[in-house]
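Quick notes on the structure that follows.
The values are calculated or read from the model by the stated rules, or taken from the named source; none is laboratory data. Here the structure is a predicted model, which means the values were calculated and not measured. Because the Cβ atoms are built from the backbone with ideal geometry, glycine has one as well, and the counts that use them run over all protein chains shown. Heavy atoms of the whole protein, side chains included, go into the accessibility calculation; ligands, DNA and RNA do not. Shrake-Rupley method; radii C 1.70, N 1.55, O 1.52, S 1.80 Å.
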Amino acid sequence: MRFLTRRMCKIVPSSIMAIVTSICHLLAEVFLFWRNRLWAWYTRKAPRERLIGELAKAKSFEEWQNTAIKLDEVLGNDLWRQNPTSKDYDYRLIYECLQGLVEAKEEGDTVKLVNLLRSGLLRNLGNISHIALFNRSYAGSKLLIEDYISEVVSCLEYIASLDSTPQFTSQSKLDLFHDTRQSFGRSTLVLQGGAIFGLYHLGVVKALHLRGLLPRIITGTGVGALIAALVGIHTEEELLVFLTGGGIDLSAFDTKKKEGSWKRKLRRFWQYGYFLDIKVLEECVRANVGDLTFEEAYIKTKRILNITVSTAGRNEVPKLLNYLTAPNVLIWSAACASNTTSTLYSHVKLMCKDENGAIVPWAAQEIIWQPWTRASYTDRDSPHTRIAELFNVNHFIVSQARPYLAPFLTSDLHRHGRHGIALKLLRLLGLELRHRLNQLDLLGLLPFSLRRFLVDETIPGASITVVPHLKLTDFEQLLENPTPDTVDYWILKGERSIWPAGELIRARCEIEFTLDRLFQYIRSKPPGNGGGMDGNISGPRPRVRQRAASESNGTSRERRLSG
């Protein structure tokens, strides 16, 4: 009996402790469960914020587009797109034009269809390319606008495929596309500056190229001239390979040691007045571009490359270098000359090819390159105005990467994507600062060192501006030499800045690209051959790369005049 009692005394306390321990564990698990649930509820993100975050982290256009469609469904923008009415454009006019084109094509009334296209093809018909129409929905604009543009493209391809008749000959068809293309106008991609930020332009070019929206006319300034040169020497087939990593030869920068690079650059600036060695830049550009002239690059790729420069003299060299104004100038030397207009690089000689193919200086005397901060307003206006005059350009896609301007600017589309009161205050401060500096400049009281904040060329036509979304850590790379990793980093930044603007650029440019492609195709056909088009040239969204092959025929003089 005593044994059993002693045994029970030992068992009962341990059982009670086990029960108490189990209860404590249970209460702790319940507490942690509800604490985590409450914290998740308190810190949860709204679907809109979550999807906007996914947009900012997208690695490809397909991923970005799928997220944009989901975001529109959450915000109700899909219903807004289906409703054609809006105060921002004349939806009644667009609907009537769409119905007229559909009826004329279904009835086979070629004369009526031609008259409708001749009189109604405008880039901004009924205000359809107004930015407000593309700044609400992330995935696109009104479906009526998209249907109208698709129908116009379909009608143009239908007319191009018709056989010649006594009433509508091949020459009449060619005249139609020539005159309509001339009245519609052309687009150019403008790549402006950027130092190391200029690598961002590669992503802009890549995103436009993959969607078939890359204009044939490319313009570059500063580091943007280097990128424009790299793009201007590659055909449509070569360009995609060039832009998919490893396409740029950076071996010239490998010869410089990273240790002490900042000290070396500051010493060079103190002694000579510039940061970076132009010889290294020349080696890099020449390794990638070669000794091609503007005319040779145009004959090879059918791209119109423009590089802007600024000189102290008024008649030393043209302010705009291309295959018409400077056909025998070497592209690499022009790109380097565009960069000597800042304190980043030293002076460079402009080189060209003589009649024997030998490389010689452009001018016997040394050209004094003028910094962009010293350019007058008239000089600053002239390059873009000259582009408009030479190539019938009335639409500019501007990629702005100047490190002293980009932080104060935002892209024209989806500005609310860069949310935050700090960014809004920074933009407000930048606008106010530039306004005050402009007033001082008009009075002649502004130092040249501050005029760079006013270098904002007047655009003689419709335009859309894209800028990179910069972080403070990006500015640490300003005077660093580029590496393959930094190239990939900035390419992705450039792609992300173009994706929101893709539908607006398509609305403004798809008809233009279709007119150009079909005109070149019809012109390349043998005289008297009035047959229809090949099946591979049609489609709702033609690729720009088809134009290069269709323009290969004809004399050299005809190619140069047509641009």
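Quick notes on this one:
- A46 paired with E103, simple spin-label distance in nm, labels 7 Å along Cα-to-beta-carbon: 4.6 nm
- FRET E, pair R37, A462, Förster distance 56 Å, beta-carbon r, rounded to 0.05: 0.60
- On a per residue basis, the convex hull of the C-alpha atoms belonging to region 149-253 measures out at 132 Å³.
- In this structure, V111 and K300 have a Cβ-Cβ separation that, at R0 = 51 Å, corresponds to a calculated FRET efficiency of about 0.80.
- Each residue, L250 and N124, gets one label point 7 Å from its Cα in the Cβ direction; the gap between the two is 4.0 nm.
- Of K349/K493; K87/K142; K300/K353, those spanning more than 23 Å from alpha-carbon to alpha-carbon: K349/K493
- Extension gain, I19 to A363: 0.36 nm times the residue separation minus the Cα-Cα distance gives 114.1 nm.
- Per-residue extension of 0.36 nm, minus the Cα-Cα distance of K87 and A56, leaves a gain of 8.1 nm for this segment.
- Additional length obtainable on full extension of the chain from V30 to E432, 0.36 nm per residue less Cα span: 139.1 nm
- The residues of region 15-120 expose on average 72 square angstrom of accessible surface per residue, using a 1.4 Å probe on protein heavy atoms.
- Other-chain or far-sequence residues with amide H under 5 Å of H395's (modelled H): R186, T188
- Shape category assigned to region 51-188 from the gyration tensor of Cα positions, a/c cut at 1.5: prolate
- By accessible area, using a 1.4 Å probe on protein heavy atoms only, region 100-253 has 53% of its surface on carbon and sulfur.
- Distance between region 144-215 and region 50-72 - C-alpha centres, whole angstrom: 27 Å
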